[in-house]
Amino acid sequence: MRSYTLLLSLVLLTTFVFAQNPNYKMGERALINGDFKSAVTSLEKALAADSNDVNTLYMLGYSYYHAGNYNKAVTTFNRVVSLKPAENSAYYYRGKARNIMANDTKGLSNPDREKLLLSSIRDFTKAIELNADDVKLYQNRAVAYRDYGVLKGQKIPNFQDKTKAVNAFKSCISDFEKVLSLTPGRKDITTQLADAKSYMQNLN
């Protein structure tokens with residue numbers, strides 16, 4: 001009787017798991033087609049079958065990001081890196097989401113904006129540690145450093161910190177120079193590099 005009960009439980013569990021697979025496939029198909037809202041709907045259902053499935057979590061975080069739900073993207077990529085710490089693209093998208101949230105979230109306090117930008121910088125730094133040849137990581141970290149430098153350079157009482165702003169711009173410039181060394185002749189980076197140098201000079 002006990003063996004039968006155990007077998008029945010396993011059959012029911014297997015049936016439940018496989019019943020969720022169509023949602024995974026539907027989510028994957030929607031993601032490939034660029035229909036990220038539909039992908040989110042299907043992948044959220046697929047995740048109910050296995051809340052720790054890294055592939056489902058990654059695709060869900062990616063879909064949240066491209067659907068503009070950056071807060072949920074960050075939360076989901078948190079779970080991805082907790083299960084798979086070497087997934088550098090999860091750090092990349094989490095960093096981008098945090099940078100966007102820092103710049104675009106209405107009513108966000110400056111201290112919270114600062115926390116998001118510093119977290120974004122740490123994400124890109126971790127991604128670079130895992131893949132030092134990926135040029136987009138340096139470019140995005142440069143942007144995060146620039147945004148942080150601009151934030152800390154603002155003349156806000158008890159918040160402005162010129163030293164931190166200057167150091168951020170120096171790091172920004174270094175990263176943009178790294179991008180140019182890997183992909184010479186990029187006019188967009190040359191322009192952003194010149195802007196960063198101008199920002200830093202105007203702090204004095």
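Computed from the coordinates by the stated procedures, all read-outs in this text should not be read as laboratory data. Bear in mind the structure is a predicted one, so any value in this text is a computation, not a measurement. We place every Cβ from the backbone using ideal geometry, glycine too, and count neighbours over all the protein chains shown.
Checking the table K96/K170; K37/K170; K84/K115; K84/K162; K96/K155 against a 31 Å threshold on Cα-Cα, which pairs fail? Write out the running numbers ahead of the final one.
Working: K96/K170 20 Å; K37/K170 39 Å; K84/K115 24 Å; K84/K162 38 Å; K96/K155 26 Å.
Pairs exceeding 31 Å: K37/K170; K84/K162.
As a proxy for reagent exposure, F36, F77 were ordered by neighbouring Cβ count within 10 angstrom, fewest first; the result is F36, F77.
Give me the dipole magnitude in Debye, nearest 20, for the range 86-204 about the Cα centre, with unit charges on the beta carbon: positive for Lys and Arg, negative for Asp and Glu. Working shown, then result.
Details: 20 positive and 14 negative charges, 63 e Å.
Dipole size: approximately 300 debye.
With contacts taken as Cα pairs under 8 Å at a separation of at least 6 residues, the chain carries a relative contact order of 11 percent.
Of all aspartates and glutamates in the structure, the ones whose alpha carbon falls short of 13 Å from that of K178, not counting any fewer than 8 places away in one chain, are D133, D134. Each Cα pair of the range 40-124 feeds into the Kirkwood radius, which the Stokes-Einstein equation turns, at 20 °C and 1.002 mPa s, into a diffusion coefficient of 165 µm²/s.
Per-residue ellipticity at 222 nm from helix content only, as computed over the chain with -39500 (n - 2.57) for each DSSP H run of at least four residues, stands at -27500 deg cm²/dmol.
Net charge of the neighbourhood of M59, taken over other residues with C-beta under 10 Å away and scored Lys/Arg +1, Asp/Glu -1, is -2.
Karplus-based coupling profile of the range 162-177, in residue order and whole Hz: 5, 4, 5, 5, 4, 4, 5, 5, 4, 5, 4, 4, 4, 5, 5, 5, with θ = phi - 60° in 6.51 cos²θ - 1.76 cosθ + 1.60 and x standing for Gly or Pro. Assuming charge only on the beta carbon of Lys and Arg (+1) and of Asp and Glu (-1), the dipole of the range 136-179 about its Cα centre is about 40 debye to the nearest 20. Over the range 86-204, Cα pairs under 8 Å with separation of 6+ residues give a relative contact order of 21 percent. Converting phi to 3J(HN,Hα) with the Karplus coefficients 6.51, -1.76 and 1.60 and the offset θ = phi - 60°, the range 61-77 yields x, 4, 5, 4, 4, 6, 8, x, 9, 6, 5, 5, 4, 4, 4, 6, 5 Hz in sequence order, with x at every glycine or proline. Of the Cα atoms belonging to the chain, the radius of gyration and Dmax stand at 21.5, 82 Å. Look at where the Cα atoms of the range 53-69 and of the range 86-113 average out, and the two centres are 15 Å apart.
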